[in-house]
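Structure first, then comments.
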Amino acid sequence: MNATAEVVSISERLSQREASDPIEQALNSLSFGKRVLSLRKNQVVFSQGEPADALYYIQRGKVKLVVVSFAGKEATLSVMGKGEFFGLGSLQQRSLRLATATTLEPSVIVRIERDIMQRELRSHPRLSEVLMTQLLSRTLTLQKDLCTHIFDPSEKRLARVLLKLSRLGDESQQQVAMPKISHDTLATMVGTTRSRITYFMNKFKKLGFIDYGKEMMIHPSRLSAAIQQD
């Protein structure tokens, strides 16, 4: 196969994969009620307390959800990547945003109005199935995170957070680039102080779980094995 034929073949495979994706199918069929947003790093998508009148789908990039208590204490609930929906609370009528969504890197996000998405879910059973699967997965993840916060020490909680973040990348690789997240943000995800995060990250580096270069690399297999041993 020559180079031109190989490029055409790859293009055809990508087109076939996109055509079989129920989410992309549904989004491509929308002629109104959606907007494609090209956002910079650290750009707010929506803020806590705002009316929840739309939900969002990540085509490229990463987004974090942060909640702030009445006392001003901040906690990072989750970090999401390509292929994930967020702002799902908007499917309820007269709801408000429970968290603030901010991009962690330049991102392309599709905004779909609530009424339009509800119609699409009725028209595309496969899309409804995919969305339900994401909801169930997040519910289970929240339950696991709650158990982790109750029973695990902060070092192990950090290891689990890093492992979760590594799954936003290519899991087939031995090393996965970690999203650019500050130690302050990691501290709010783990539920400890920034100084403790810095201490544990240095320890993980010495143990070979992570590497620092132009970007931080995580070794998922090593990190997972360390968690299993404890």
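Only residues that are modelled with pLDDT of 85 or more and either assigned by TED's automatic domain parsing to the domain that holds SER78 or surrounded by 18 or more Cβ atoms within 10 Å (Cβ to Cβ) (or both) were counted across the range 164-175, and they come to 1.
Scan the range 187-202 residue by residue and report those that are touching a helix residue (DSSP H, G or I) at 6+ places or on another chain (Cβ under 8 Å) and in contact (Cβ under 8 Å) with a residue 40 or more places away in the chain. Those that are touching a helix residue (DSSP H, G or I) at 6+ places or on another chain (Cβ under 8 Å) and in contact (Cβ under 8 Å) with a residue 40 or more places away in the chain: MET189, GLY191, ARG196, PHE200, MET201. Among the listed residues LEU104, LEU127, LEU96, identify the single one that is at pLDDT below 90 and among the hydrophobic types (A, V, I, L, M, F, W, C). One residue alone meets the criteria, LEU127.
Out of ARG119, ARG157, ARG126, one residue alone is closer than 30 Å to THR185 by Cα and of a type in the set (D, E, K, R). It is ARG157. Among residues of the range 145-163 that are surrounded by fewer than 18 Cβ atoms within 10 Å (Cβ to Cβ), those with a Cβ under 8 angstrom from a residue that is at pLDDT below 90 and acidic (Asp, Glu), sequence gap 6+ or separate chain, pair up as LYS156/ASP230.
The values are calculated or read from the model by the stated rules, or taken from the named source; none is laboratory data. Worth saying up front: this structure is predicted, and the values here are computed from it rather than measured. Every residue, glycine among them, receives a Cβ derived from its backbone with ideal geometry; neighbour counts consider all protein chains shown.
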